[in-house]
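Student: Got a structure here, written out as structure tokens. Questions coming.
The numbers here are math on the coordinates, done by the rules we state, and not lab data. Given the structure is predicted, the values throughout are model-derived calculations rather than measurements. Because the Cβ atoms are built from the backbone with ideal geometry, glycine has one as well, and the counts that use them run over all protein chains shown.
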Amino acid sequence: MRRSVTAPPEIPGLEYTRLLGSGGFADVFLYKQQLPRRDVAVKVLLVDDIDAGARERFVAEANVMARLSAHPYIVTIYHADIAGNRPYFVMEYCPGPSLADRYKAKVLDVPDALRTGIRVGSAVAAAHAAGILHRDIKPANVLTNGFGWPALTDFGIASTLEGEVPAHTTTTLGSVRRGDASATGNTGSASVGLSVPWSPPEMFEDDPDPDVRSDVFSLAATIHTVLAGRTPFEVPGRSNGTLDIIGRIERGAITPIDRPDIPRSLTAVLAKGMAPRRADRYQDVVQFVRALQRVELELGYAPTGIDLPNLGGQDTERPADGGADETRMRPIATVEAQPRPAPAPIGAPPKAAPKAAPKAAPGRAPKGSPAPAGEVEPTRLRGVVPVVEEAPVAETVMRPRRTATDTEPEAAPEASEPDAAPPSRRTAILLSVSGAIVAAGVAAVLIATLGGGDSAPKPTHSAAASDGGGLQVQVVPDPKPGKVTRSADGKTVTFTWKNPSPEPGDKYQWSVVATNIDIQTASTPQAIVRNVDPKVQTCIQVRILRSGRTSSNPLKECT
């Protein structure tokens, strides 16, 4: 039996609007903040008595959220206080649907699931960098903000990496209803809140000892859920009670996703993330999201950026290899132009390597330490477009012809060729070859910068605006306002909008702002909303969908 919702508290400077939702530990209400004027979500905790322990947990959650609020994919907290013995948080209002609402209406496509998983993974990695475990990652705790980005919330049972697992006075595992997603694990006299279908096996032990790999498990289970339309260990047509699910989690019995569009590499990444043994999983969230980035690249998509905080003084000493495993923004590697030593005439027998290194061509003197024999320090022509990489980029270098001292033997020269070339001819060959290499390098840079010539469209924005990456791509335009009309009885509203630069194949994604339960896709710039209350304002959000990408800023139209 569901509990009744508590009455919204009276909060100075805030005007109550409506209920947003309720859970096991809190009710969430929509308020209108008077100054500055904006919608805010107020989370009111369910406590019978705000004793010292409850106050301590309330303050701890407020401080945790405040430390992480600056992250773009974590819900921002504005204020925390106690009203009439009821603790509450004033938080960012996220009008879009949660991941739970989205996948129940329609499973996510693979690019959207990858993009969402990497962004949420960035938020979890930021929490870990601050020394905080989330411990309750699941679709219902990933909201959608006004820009359409995921926003991780509900750090109510989070814990520090060094601290104890927090306890909540809730029911125990044995009293949980069959099929209920929420449960608790015993920890002595109290119990620990958790959500069973997305929880790792170590959370069901008598004394749970979660670490960062526990959050990896829950994040992988969340991505699996939004792709499959059901939790990873739920088996259609069979008993899926709490104890059934726990048994499958402990055995690692993942139910396969029956979708032909999911690549095997993504299935393998999710399976490793949900391995029963912690040692078999990715050892941190950054490793996991890097694996998701590799799947994006395999499918031909630009990798979604990983947003990590600048830890400042918390940086550790850099490894001797310069941090080759770090995620960094590097310029694209292009052909390096460098002068070559005078080539031996065609057909001439190999000669012994000179004792001294040959002189560099004028204007190409090496910098710093002397260059190896037979080579000079290259003059590097680099592109200006950064890419995300996991290891140093392998540079393409034009090497001089091998001599007799090289380890690999050359083919025997033909005796019919001339014996030697005059010095003037060697100089001409050197200059012509060097000039050709320089021209090739410059052409590569121009192609990388201009995108293939004057005939190709020139982007005005980069993918960093929507995907967090640095690849220069053409962005999808934002829709423009159109007309809003009501039917005679006022119960049907027709919204229209404009596509500022339509292209063949363009579609439109829209949803009703009040519920945002179902995201609709239309082939024409028109949406019809039926069975609305004529006395209540009706609003929708619209984005243009083009080649798997959507416009960055949604259009909001209201009656």
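Student: Please compare each pair in Lys480/Lys535; Lys535/Lys556; Lys32/Lys106; Lys138/Lys491 to a cut-off of 29 Å on the Cα-Cα distance and tell me which ones are over it.
Tutor: On the way: Lys480/Lys535 26 Å; Lys535/Lys556 19 Å; Lys32/Lys106 31 Å; Lys138/Lys491 36 Å.
As for pairs spanning more than 29 Å Cα to Cα, those are Lys32/Lys106; Lys138/Lys491.
Student: Still on this model: Could you pull out the GluC sites (Glu not before Pro) across the range 1-95 that fall in loop regions by DSSP (anything but H, G, I, E, B) with no more than 14 other Cβ atoms inside 10 Å? Please list the in-between numbers first.
Tutor: Numbers: sites: Glu10, Glu15, Glu56, Glu61, Glu92; in loops: Glu10.
Sparse-neighbourhood loop GluC sites (Glu not before Pro): Glu10.
Student: With a ≥ b ≥ c taken as the square roots of the eigenvalues of the C-alpha gyration tensor of the range 210-277, please select rounded if a/c is under 1.5 and otherwise prolate if a/b is larger than b/c or oblate if it is not? Write out the running numbers ahead of the final one.
Tutor: Values: a/c = 1.88, a/b = 1.03, b/c = 1.83.
Verdict is oblate for the range 210-277.
Student: Separate question: Only counting other Cβ atoms within 10 Å, I'd like Leu45, Leu114, Leu308 sorted with the fewest neighbours first. Each step should come with its number before you reach the end.
Tutor: Values: Leu45 19, Leu114 24, Leu308 16.
Least crowded to most crowded, the residues run Leu308, Leu45, Leu114.
Student: Also: Using amide H atoms built in the peptide plane, which far-off residues or other-chain residues are under 5 Å from Ala275 H to H?
Tutor: none
Student: Assign one of three labels to the range 480-558, namely rounded, prolate or oblate, based on the Cα gyration tensor with a ≥ b ≥ c the square roots of its eigenvalues; rounded applies when a/c is under 1.5, prolate when it is not and a/b is larger than b/c, and oblate otherwise.
Tutor: prolate
Student: Loop only by DSSP, 14 or fewer other Cβ within 10 Å of the Cβ. Give me the trypsin sites (Lys or Arg not before Pro) in the range 198-244 that pass, ordered by residue number.
Tutor: Numbers: sites: Arg213, Arg230, Arg238; in loops: Arg230, Arg238.
Passing sites in the range 198-244 are Arg238.
Student: Tell me whether the range 14-92 comes out rounded, prolate or oblate; compute the Cα gyration tensor, take square roots of the eigenvalues as a ≥ b ≥ c, and use a/c under 1.5 as the rounded threshold. Spell out each step's value before the answer.
Tutor: Details: a/c = 1.73, a/b = 1.20, b/c = 1.44.
Oblate shape, in that a/c is at least 1.5 and b/c is the bigger or equal ratio.
Student: Can you give the local net charge around Thr222? Use residues other than it whose beta-carbon is closer than 11 angstrom to its beta-carbon, Lys and Arg +1, Asp and Glu -1.
Tutor: Numbers: positive: Lys138; negative: Asp136, Asp215.
Neighbourhood net charge equals -1.
Student: Further question: Cut-off is 10 Å between beta-carbons; in what order do Ser195, Ser4, Ser239 appear when sorted fewest neighbours first?
Tutor: Details: Ser195 23, Ser4 7, Ser239 10.
The order, fewest Cβ neighbours first, is Ser4, Ser239, Ser195.
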